[in-house]
Amino acid sequence: MRFLLATVVKDLIRRRRDPIALLLWTGIPLAIGGLIFLAFGGDDAGPSGRLLVADQDHTVLSALLTGAYQQGPLAEIIEVEVVELEEGHERIDAGEASGLLIIPEGFSAAVLESEPFEISLVRNPAQRIVPGIIEESLSLVVESTFYLQRLFGEPLDVIVGTQPDDANVVPDSTVASVSVAFDQIVDRTRPYLFPPVIELETTSPGGDEEGFDFARLFFPSMLFMALLFMAQGLSEDIWRERSQGTLRRVIATPQRVATFLVGKLLAGAMLMLVVIGLGLIAGRWVFGIELHGLPMALVWTTFAGMMLLAMMVLVQLFASSERTGNILTGAAIFPLAMLGGSFFPFEAMPDWLASVGRYTPNGWALTKLNQVFAGELPALDLLQSIAAVALVIVVFVWLSMRRIRGRFAHS
Amino acid sequence: MIEVAQLRKEYGDLVAVGGVSFTAETGAIFGLLGPNGAGKTTTIGCISGLLEPTAGTVRVRGHDVVREGTRAKASLGVVPQEIALYEDLSAGENVRFWGQAYGLGGSKLRARMTDVLEITGLLDRADDRVDQFSGGMKRRLNFACGIVHEPQVLLLDEPTVGVDPQSRVRLLDLVREQANQGVCVLYTTHYMEEAQSMCDRLAIIDHGHIIAQGSLEELQAQMGERDLVRVSGSFDENDLRRVFSRDEDVEVVTVDDAQATLSVRQASSKLPTLLAALTRADSEVRDITVSQPSLESLFIKLTGKELRE
């Protein structure tokens, strides 16, 4: 036990004196994760843009048209700014807005008299999404204006055609007749409007699940990518032990090689514990990712990392040289990362590939971690999984020990 | 003590050690002298439990290293030929780790750490990292790590290779001190002078076989009063052997076209006779060297080659 502890302490001290390696193992996945996160929607802010409106009609209806963009969800995307026509063209040419809506004089009159009329939208060619939204919503507004005119054309005509008296007040008789007209129209259309005869039900796969959270989806993958890199980097140390003669010296002591190996694995696991712990804290409290069962996740990830480390050490031991060992482990971790959901989440993979990937060691462990995060893995199941991982570690250590005693230390 | 009986180690068809037997006593230095590749390190490897013998037995203080490995190893201290240290740890951390590997702990470990660092002259550098040390300092630390647990049997595999003269003297003093304290020391080297000055008993090993063993006096006696005479020139082997075949004072050890090695009783007084005989054998003599009896001359006599070949 004393030697086990001594080996752990010795390796931790050595690691502490090589912080660059530790930073690289954790920094690379963070960098890759960050890039993917940014590239595929890490930014929560939606698209936004500016719509310039050159209103040459200056009427209630033209104001209503531009007002449509200043209400509801569109207001969150599009900022409307009224400009003169010339200024609008200049700013669109300079790329300062997503679109320029031109409402020529005579718009209201044409609408009320049901005459054809043309309004113009100039799109910013350098942008795609926001001008598209503006165009689609404008076509809806124009269509709505047509139906509005069909339904309320008569009273609207009265409103527009009424001349206020000297006190700039619309006569009471006019207001009353318009009100009655509106009321009668609403009464006639009530059976169709309240409630609507057509209902639109919106559903998304997964029932009541929360909306798509890319960070939540990619975060566990990033953790496992860090574990894979750490496992590969830490496994190289077995070659250092051999080349500096310390492995042979250990074999000459009364201690078991297995104790030494387990000590090295435990030291690696403790480093993983710290790195993953910091990762979980950052994920939960700095980036606000919704994660459940953090202590269970930490324990599970550490065990899984130890298993990956034991596997990488075994691969190193079967290599003929340190260089070959690094090539072999490198050749192992990249397919494992790609296939096992550590590079791209399973949810972003084709179903058949994801189902294959879940059978890789890291893919299997990642699936369990996702279940822990989602609060879907009972404690008993987790314990069984940990026992399975521990068994695999024992097998790897036994094989490694045989390999070290058989050939590795002496060749 | 170390008892090695008929030790054999094979790697496939290669016989690294072929039936070596010797006994190293307590409180004495037993030297294993031989050229590089003779089988010294393999023998040490089998004794330290690093290698499993193909045949034969090795006992350390009565414990078989194969069957009772843990017990045998517990009393062993090993100073390997290569510097086996953690370069990214300090001298003190290295000594502590290797002490813990032999079960030391607490105040005893701390006391031993101070002792061994002091006797190796590294106490004031205890907190410095090993990768900042010179080669000689690393050698001394390598030795310190091998004796931190006060072993009763000490295996030293060419501990002075690549060491500066000052560190070498210091290391050799330390080894002698260990033997004086009652430790059984097995010392391998290919430096003849070191073996002659250090070892109480010696075994000369070549090609995995011990070709001679005993005390220095016993080994020198095998040479008798004979000197070693090396002659350079051109020779005909048959003529040379024929000329000296009836001379009991001269023995032809080796001969080739350009060099002959002769074992000659009281060579200095017989040089004129030797030169005359060489002339009779149609030899052309360009250079002649006479060496007093030594381990090296014994090695040449036994193997027909120089120790450093």
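The values are calculated or read from the model by the stated rules, or taken from the named source; none is laboratory data. From a predicted model like this one, the values you see are computed outputs, not experimental measurements. Glycine also receives a Cβ, built like all others from the backbone with ideal geometry; neighbour counts cover every protein chain displayed.
Can you name every residue in the range B:65-95 that is in contact with a strand residue (DSSP E or B) (Cβ under 6 Å, 6 or more places away or on another chain) and either farther than 22 Å from B:ALA179 by Cβ or of a type in the set (D, E, K, R) (or both)?
Step one: of the range B:65-95, the residues in contact with a strand residue (DSSP E or B) (Cβ under 6 Å, 6 or more places away or on another chain) are B:65, B:71-72, B:75-81, B:90.
B:ARG71, B:SER90 - these are the residues of the range B:65-95 that are in contact with a strand residue (DSSP E or B) (Cβ under 6 Å, 6 or more places away or on another chain) and either farther than 22 Å from B:ALA179 by Cβ or of a type in the set (D, E, K, R) (or both).
With a cut-off of at least 3 residues that are more than 13 Å from chain A (Cβ to nearest Cβ) and farther than 27 Å from A:ARG15 by Cα, name the helices (runs of 4 or more DSSP H) lying wholly within the range B:69-168.
Values: elements: B:69-74, B:91-101, B:106-119, B:135-147.
The helices (runs of 4 or more DSSP H) meeting that bar are B:106-119.
Select from the range A:110-156 the residues that are assigned to a helix (DSSP H, G or I) and aromatic (Phe, Trp, Tyr) and write down the one among them that is surrounded by the most Cβ atoms within 10 Å (Cβ to Cβ).
Initial filter on the range A:110-156 (assigned to a helix (DSSP H, G or I)): A:110-112, A:129-156.
Those left that are additionally aromatic (Phe, Trp, Tyr): A:146-147, A:152.
Numbers: A:PHE146: 12, A:TYR147: 9, A:PHE152: 17.
Checked the range A:110-156; the qualifying residue surrounded by the most Cβ atoms within 10 Å (Cβ to Cβ) is A:PHE152.
Given the structure, is B:LEU202 part of a helix (DSSP H, G or I), in contact (Cβ under 8 Å) with a residue 24 or more places away in the chain and hydrophobic (A, V, I, L, M, F, W, C)? Steps first, please.
Details: part of a helix (DSSP H, G or I): no; in contact (Cβ under 8 Å) with a residue 24 or more places away in the chain: yes; hydrophobic (A, V, I, L, M, F, W, C): yes.
Spelling it out, it is not the case that B:LEU202 is part of a helix (DSSP H, G or I), in contact (Cβ under 8 Å) with a residue 24 or more places away in the chain and hydrophobic (A, V, I, L, M, F, W, C).
Quick one: count up the residues across the range A:250-278 that are in contact with a Pro (Cβ under 9 Å, 6 or more places away or on another chain) and in contact (Cβ under 8 Å) with a residue 12 or more places away in the chain. Working first, answer last.
Of all residues in the range A:250-278, those in contact with a Pro (Cβ under 9 Å, 6 or more places away or on another chain) come to A:252.
Retained after the next criterion (residues that are in contact (Cβ under 8 Å) with a residue 12 or more places away in the chain): none.
Here the count works out to 0.
What about B:GLY233, is it out of contact with any helix residue (DSSP H, G or I) (no Cβ under 7 Å at 6 or more places or on another chain), surrounded by 14 or more Cβ atoms within 10 Å (Cβ to Cβ) and farther than 28 Å from B:VAL169 by Cα? Write out each step before concluding.
Numbers: out of contact with any helix residue (DSSP H, G or I) (no Cβ under 7 Å at 6 or more places or on another chain): yes; surrounded by 14 or more Cβ atoms within 10 Å (Cβ to Cβ): yes; farther than 28 Å from B:VAL169 by Cα: yes.
So B:GLY233 passes the test.
Quick check on A:LEU30: is it surrounded by 13 or more Cβ atoms within 10 Å (Cβ to Cβ), modelled with pLDDT of 75 or more and of a type in the set (A, V, I, L, M)? Step through it out loud before you land on a result.
Numbers: surrounded by 13 or more Cβ atoms within 10 Å (Cβ to Cβ): yes; modelled with pLDDT of 75 or more: no; of a type in the set (A, V, I, L, M): yes.
Answer is no for this residue.
Restricting to the range B:46-68, give me the number of residues that are at the interface with chain A (Cβ under 9 Å from one of its Cβ atoms) and either without any contact (Cβ under 8 Å) to a residue 12 or more places away in the chain or over 30 Å from A:ILE13 (Cβ atoms) (or both). Can you show your working first?
Filtering the range B:46-68 down to residues at the interface with chain A (Cβ under 9 Å from one of its Cβ atoms) leaves B:48-52.
Then keep just the ones that are either without any contact (Cβ under 8 Å) to a residue 12 or more places away in the chain or over 30 Å from A:ILE13 (Cβ atoms) (or both); that gives B:50-52.
Number of matching residues: 3.
Consider A:ALA390 carefully, then state whether it is assigned by TED's automatic domain parsing to the domain that holds A:LEU261, surrounded by 22 or more Cβ atoms within 10 Å (Cβ to Cβ) and within 23 Å of A:LEU280 (Cβ to Cβ). Outline the logic, then answer.
Values: assigned by TED's automatic domain parsing to the domain that holds A:LEU261: yes; surrounded by 22 or more Cβ atoms within 10 Å (Cβ to Cβ): no; within 23 Å of A:LEU280 (Cβ to Cβ): yes.
Spelling it out, it is not the case that A:ALA390 is assigned by TED's automatic domain parsing to the domain that holds A:LEU261, surrounded by 22 or more Cβ atoms within 10 Å (Cβ to Cβ) and within 23 Å of A:LEU280 (Cβ to Cβ).
Kindly provide the set of residues from the range A:1-27 that are more than 8 Å from chain B (Cβ to nearest Cβ), buried (at least 17 other Cβ atoms within 10 Å of the Cβ) and under 15 Å from B:ARG129 (Cα atoms), ordered by number.
Matches in the range A:1-27: A:ASP11, A:ARG15.
Being loosely packed, with under 14 Cβ neighbours inside 10 Å and in contact with an Asp or Glu (Cβ under 9 Å, 6 or more places away or on another chain) is true for just one of B:SER283, B:SER268, B:SER263. Which residue is that?
Working: B:SER283 fails: loosely packed, with under 14 Cβ neighbours inside 10 Å; B:SER263 fails: loosely packed, with under 14 Cβ neighbours inside 10 Å.
That would be B:SER268, the only listed residue that is loosely packed, with under 14 Cβ neighbours inside 10 Å and in contact with an Asp or Glu (Cβ under 9 Å, 6 or more places away or on another chain).
Kindly establish whether B:MET113 is more than 28 Å from B:THR23 (Cα to Cα) and out of contact with any Leu (no Cβ under 8 Å at 6 or more places or on another chain).
Working: more than 28 Å from B:THR23 (Cα to Cα): yes; out of contact with any Leu (no Cβ under 8 Å at 6 or more places or on another chain): yes.
For B:MET113, the condition - more than 28 Å from B:THR23 (Cα to Cα) and out of contact with any Leu (no Cβ under 8 Å at 6 or more places or on another chain) - is met.
Yes or no: the range A:270-278 includes at least one residue that is within 25 Å of the chain's Cα centre (by Cα), on the phi < 0 side of the Ramachandran plot, surrounded by fewer than 22 Cβ atoms within 10 Å (Cβ to Cβ) and not in a helix (DSSP H, G or I).
no
Taking B:SER291, is it closer than 28 Å to B:LEU202 by Cα, of a type in the set (Ser, Thr, Tyr) and in contact with a helix residue (DSSP H, G or I) (Cβ under 7 Å, 6 or more places away or on another chain)? First the steps, then the outcome.
Values: closer than 28 Å to B:LEU202 by Cα: yes; of a type in the set (Ser, Thr, Tyr): yes; in contact with a helix residue (DSSP H, G or I) (Cβ under 7 Å, 6 or more places away or on another chain): yes.
Here the answer is yes, as B:SER291 does meet what is asked.
Out of all the residues in the range A:338-361, is one or more among the polar types (S, T, N, Q), in a helix (DSSP H, G or I) and under 14 Å from A:GLY233 (Cα atoms)?
The answer is no, given that none of the residues of the range A:338-361 is among the polar types (S, T, N, Q), in a helix (DSSP H, G or I) and under 14 Å from A:GLY233 (Cα atoms).
Only one of (1) surrounded by fewer than 19 Cβ atoms within 10 Å (Cβ to Cβ); (2) within 19 Å of A:PRO254 (Cβ to Cβ) is not met by B:VAL169, so which one is it?
(2)
Restricting attention to the range A:402-409, does a residue exist that is crowded, with 21+ Cβ neighbours inside 10 Å, part of a helix (DSSP H, G or I) and under 31 Å from the mean Cα position of the chain (by Cα)?
no
Please go through (1) more than 14 Å from chain B (Cβ to nearest Cβ); (2) buried (at least 23 other Cβ atoms within 10 Å of the Cβ) for A:LEU294 and return the number of the only condition it doesn't satisfy.
(2)
Hey, any hits in the range A:229-246 for a residue that's buried (at least 19 other Cβ atoms within 10 Å of the Cβ), over 30 Å from B:VAL65 (Cα atoms) and at pLDDT below 85?
no
Restricting attention to the range A:83-118, and to residues there that are touching an Asp or Glu at 6+ places or on another chain (Cβ under 9 Å), at pLDDT below 85 and not small (Gly, Ala, Ser), which single residue is nearest to A:VAL141 (Cα to Cα)?
A:PHE107
Among (1) assigned to a strand (DSSP E or B); (2) buried (at least 24 other Cβ atoms within 10 Å of the Cβ); (3) among the hydrophobic types (A, V, I, L, M, F, W, C); (4) away from chain A (no Cβ under 14 Å), where does B:ALA38 come up short?
(1)
Can you tell me how many residues within the range A:73-109 are under 28 Å from A:GLU154 (Cβ atoms) and surrounded by fewer than 17 Cβ atoms within 10 Å (Cβ to Cβ)?
Within the range A:73-109, residues that are under 28 Å from A:GLU154 (Cβ atoms) and surrounded by fewer than 17 Cβ atoms within 10 Å (Cβ to Cβ) number 4.
Would you pick out the residues in the range A:299-337 that are of a type in the set (A, V, I, L, M, F, W, C), free of Cβ contacts under 8 Å to residues at least 60 places away in the same chain and either more than 17 Å from A:ASN362 (Cβ to Cβ) or outside the structural domain of A:SER221 (by TED's automatic domain parsing) (or both)?
A:ALA319, A:ILE327
Say we look at the range B:212-227 and pick out the residues that are at pLDDT 85 or above and surrounded by 14 or more Cβ atoms within 10 Å (Cβ to Cβ); which of these is nearest to B:LEU278 (Cα to Cα)?
B:ALA212
Does at least one position in the range B:1-12 carry a residue that is buried (at least 23 other Cβ atoms within 10 Å of the Cβ), more than 13 Å from chain A (Cβ to nearest Cβ) and without any contact (Cβ under 8 Å) to a residue 60 or more places away in the chain?
Looking for residues that are buried (at least 23 other Cβ atoms within 10 Å of the Cβ), more than 13 Å from chain A (Cβ to nearest Cβ) and without any contact (Cβ under 8 Å) to a residue 60 or more places away in the chain, one finds at least one in the range B:1-12, hence yes.
In the range A:286-345, which residues are of a type in the set (Asp, Glu) and in contact with a Phe, Trp or Tyr (Cβ under 6 Å, 6 or more places away or on another chain)? If you could, list the steps in order and put the result at the bottom.
From the range A:286-345, those of a type in the set (Asp, Glu) are A:290, A:322; that's our starting set.
The one that is of a type in the set (Asp, Glu) and in contact with a Phe, Trp or Tyr (Cβ under 6 Å, 6 or more places away or on another chain): A:GLU322.
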